[in-house]
Amino acid sequence: MTNFWLHPALILIIGGLVLPLIKGPLRKFYLLGVPLVTFLTVLGMSKGTYGVVQFIDWQLTFGRVDSLSLIFGYIMSLMCIIGTLFGLHVKEDVEHIAAWFYVAGSLGVIFCGDYLVLFLFWELMAFASVFLVWFRRGPKSIATGYRYILIHTLGGLFLLAGFVLRYQITGGDLSFGLMDVHHPDLATWLILLGFIVNAAAIPFHSWLPDAYAEASVTGAVFMCAFTTKTAIYVLARGFAGMEILIPIGVVMALYGVIYGLIENDARRLFAWDTVSQVGYMVVGVGIGSKLAINGACAHAFAHILYNGLLFMGTGSVLYMAGTTKMTELGGLYKKMPRTFVYTLIGGLSIAGLPLFSGFVSKSMIIAAGFEHHHLFAAFALTLASAGTFLLAGIKVPYFIWFGQNNCSKETWEKAADPPWNMQAAMAVASFFCIFIGCYTAYLYDMLPFQVDFHPYSAYHLAETLQLVAFAGVAFYLLRKLLKPTPTISLDMDWFYRMFGRGFLWVDTKIFQFIDNCVAEIYRYLGLFPLMKIAQFWSWFDWNAIDGVVDGLARSVKALGGKVRVLQSGHMQYNIFVAASLAAAAIVIFMFV
Amino acid sequence: MIVSIIESLRDNMKRTIGICVAVIVLVALWGSFMVDTHHAHTAAEKVPFFWAFFGLAGAIVLIALARFLGFLGIMTREDYYDD
C-alpha cells in the first residue's frame, strides 16, 4: 500500500457480516450508520492510487481514485443510504447483507485498477444481487433468479475470456484502462461483450425486466441502481469513443420505450424504461467526447436517483396494495397521495422536464450527438424522450393514480401511503431529483471533465416543452390504444426459456427413450443371458459339484445317523454294551 | 391537501382541459416564433412548430409501433410461461 486507505466496499462487507450480531433498538441506527460511514469515506477520498497489493506475479490495484471513479462512488454510496432507509423495516438480516454486498461489489469495480480485481467484484455483484430476487419468495422468484445468474455468469465468462486473452496478447498486462477502440482485437470484443451484458444492451437485456419486476420490494430499488450503472462506468473507462456503442444505445433507448408502452406491470415498465435510459448513456460513451462522457456520467448520476425513486414508488404500491399490475389498480391518489407525488417527481425527472434532474443530464448526451454530427442518434434519443414522457410522465400516473378504478376490494382497503422510512427515502430521492434539476453546479462540478454547458437556454426549454406537450396530446388522442391489458410481452428471453424447455424435452423424451432402449437391450442381450448362465452354473454347482461333495457328506451323515442310534451318550450303557460284546467274544473264543 | 387539489381539478374537468390546451398552444407559439433559433442544430428545427410536430408524430409512431408488436403476437397471456 502507498498509504492507509480504507476501501468503502470493505466497510459494507464487514458491516454486513456484523449485522446479525446487532439486535434491539440499535439495529436501525446501525443499518443507517454503515452506509453513511461508507458514503463519508468516499466523500473524504482524495485522488490517487491506493490499495496496491502484490499477489503471486500480479500487482493488484484496489483503489484507483480519480474524477471518473469518484462521481460513480459518490452516487453509489449515496444510493446505498437511500435504499437502506427505504428497506429499514425489513427484518431479515440476510436481505440487508445481500444488498450491501451487492453495493460493495459495485464500489469494488468502480475503484479497481486491474481486470483481476474487477472480475472479483463483478462476480460479487452478480452473486449478491441474485439473492435480492430470491428474497421476494414469490412463485417465480427461484426460476427468475436462476435465469438472472445464468445470464450474468455468461457475461462474466466473456469478460474472463477477454482479459485472459488480453493478458496473453500483451504479455502480462492486467491493467484496466482505455482500450484501443479503433482497432479492437478479439480480447477487446470479448471484454466489451461482458460489459454490455451488464448494461442490458439488446439482445442481452432480458435479464433486466425479468429480474427487476420479480425482485423483492427493497431488492428492486438496489438492483435498478447498481448493475447497469457500474457497466456504464466500465464502458466509460474502457470503451469511450467506440462508435459501435452509438447504434447499440439508440436501439436500447427506443426498444425500451416501445416495450414499456405495452407493459402492464408498473415495475416491469420502469425496468423497460431503465433499458431505454441506459441506452442514452451507452450512446454517450460511444460518442466519447468530453461533453458526451460528462453526459453519460451525469445521466447515470441522475438516473440512479430518479430510477430508485420510481422503483420506491411502485415498490410502495406493491408493498401496500399487493400488486403493480395497472389492470388491477387505478384511482389510488385518494389512498396513496404522497406516494403519487414522489412517483410523479421521479416520472418528470426521467422524462427530462425542466427543473427536474433528467433535463440537465440527458440533454448533454443529445447535445453531444448533435455537436459531433450523429444526427440520427440525437433525433432518435429525442424521440425516446417523448416516449419516456408518455410512459413515466403520463401512462403510470394515469393508470395507477387516476383513470378507472380497477382495484379489488382487498387492494383498495390495503392501499395506503407506506411506513415512514419508505416515505422518508422517497422524500430524500425527490429532493435530489429537484435539487439537481434546479442547481446544476452541484452535479456539473463533479463531472470528470470541465465543460461549459448550459441546459437552461430558451431554445432548449422551448424544444423540450413542445416535445412533451405534444407527446401529451398524442397520449390524449390515442389513450385507448395505451390502455393496459392483462398480458405479458414476449422478448428475447423467449429464446433461452424455450431453449431450456426444448433441452428438457429432448432430455426427458428423446434421451430418456434412448436410455430406456439401451437398458432394455442390455437386459435382453446382456443381463438375461448372464442370468441364465448364472442359473446353469448354480444348478451345476448344486447338482454336480455339490452332488459329489454333498453326496459324500450325505453318506457320512446317513452312516452317522445309523451309528448315532448306538450312541446314547450314557456311560453306563456304553460300558454295558462294551462289556457284553467282550463277554460274548470270550464265550465264543472259549467254546468254539 | 394533495387529494383536495386533485379533486378540484377533476371536478372542474372542462376548466382543467382548457388550461392544458391554452398552455400547449402558448408553448407551441412561444417556442416557434419568440425563441431565438440560432442555437438550432439543423435547418429543419428552424421550421415553426418543428418540435411540436416531432413530439406529436414521434409519440404516435412509437404508440403505433408498440401496438404493431402486440398485433404480431408479442403481447400474450400472462400464464404463457406457466404451461
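Could you tell me which of rounded, prolate or oblate describes segment A:387-465, using a ≥ b ≥ c as the square roots of the eigenvalues of the alpha-carbon gyration tensor, with rounded for a/c under 1.5 and, failing that, prolate when a/b is larger than b/c and oblate otherwise? Oblate, since a/c reaches 1.5 and b/c is not below a/b. Per-residue accessible area (protein heavy atoms, 1.4 Å probe) orders A:Phe435, A:Phe379 as A:Phe435, A:Phe379, starting from the largest. Segment A:261-298 and segment A:419-481 have Cα centres separated by 14 Å. Extension gain for A:Glu92-A:Phe499 works out to 143.0 nm (0.36 nm per residue, less the C-alpha to C-alpha distance).
Chain B contacts chain A over a buried accessible area of about 4600 Å², both sides summed; the probe is 1.4 Å and only protein chains count.
For chain B, the alpha carbon convex hull comes to 218 Å³ per residue, rounded to a whole number. Solvent-accessible surface of segment A:27-108, averaged per residue with a 1.4 angstrom probe and all protein chains in place: 36 square angstrom.
Compared with the dominant principal axis of the Cα atoms in chain A, helix A:528-540 is inclined by about 20°. By the helix-only formula, in which each DSSP H run with n ≥ 4 contributes -39500 (n - 2.57) and the sum is divided by residues, chain A has a 222 nm mean residue ellipticity of -22500 deg cm²/dmol. Placing a pseudo-label 7 Å from each Cα along the Cα-to-Cβ vector at A:Phe536 and A:Ile142 gives an inter-label distance of 5.2 nm.
For B:Leu26 and A:Ser408, the FRET efficiency from 1/(1 + (r/R0)^6), where r spans their Cβ atoms and R0 equals 41 Å, is about 0.45. The distance separating the Cα centre of segment A:311-362 from that of segment A:31-85 comes to 31 Å. So which lysines can A:Lys395 reach, going by Cα to Cα under 28 Å and dropping same-chain residues fewer than 8 places off? The reachable lysines, counting only those whose Cα sits under 28 Å from A:Lys395, are A:Lys140, A:Lys229, A:Lys325, A:Lys334, A:Lys335, A:Lys362, A:Lys409, A:Lys414, A:Lys480, A:Lys483, B:Lys14. For the pair A:Phe576 and B:Asp36, label points projected 7 Å from Cα toward Cβ lie 14.9 nm apart.
Take the Cα of A:Ile22, step 7 Å toward its Cβ, do the same at B:Val3, and the gap between the two points is 3.7 nm.
Given their separation in residues at 0.36 nm each and the Cα-Cα distance between them, A:Ser67 and A:Phe435 gain 130.3 nm when the chain is fully extended. Based on Cα contacts under 8 Å between residues 6+ apart, chain A shows a relative contact order of 12 percent. Counting only residues at least eight positions apart within a chain, or on another chain, the aspartates and glutamates with an alpha carbon under 13 Å from that of A:Lys23 are A:Glu92, A:Asp93.
Computed from the C-beta positions of A:Val52 and A:Leu150 and an R0 of 22 Å, the FRET efficiency is 0.05 to the nearest 0.05. Per residue, segment A:497-583 exposes an accessible area of 87 Å² to a 1.4 Å probe, with every protein chain left in place.
Given R₀ = 45 Å, what would the calculated FRET efficiency be for A:His454 paired with A:Ala161, taking r from the Cβ atoms and rounding to 0.05? After rounding to 0.05, the efficiency reads 0.50.
Of the trypsin sites (Lys or Arg not before Pro) found in segment A:448-521, those that fall in a DSSP loop while having at most 15 other beta-carbon atoms within 10 Å are A:Arg479, A:Lys480. Under 19 Å of direct C-alpha separation, and excluding same-chain neighbours fewer than eight residues apart, A:Lys290 reaches these aspartates and glutamates: A:Asp66, A:Asp180, A:Glu243, A:Glu371, A:Asp445, A:Asp452.
The values are calculated or read from the model by the stated rules, or taken from the named source; none is laboratory data. Predicted model only: the values in this text are computed from it and were never measured. For neighbour counting, all protein chains shown are included, and Cβ atoms are generated from backbone atoms with ideal geometry for every residue, glycine included. Heavy atoms of the whole protein, side chains included, go into the accessibility calculation; ligands, DNA and RNA do not. Shrake-Rupley method; radii C 1.70, N 1.55, O 1.52, S 1.80 Å.
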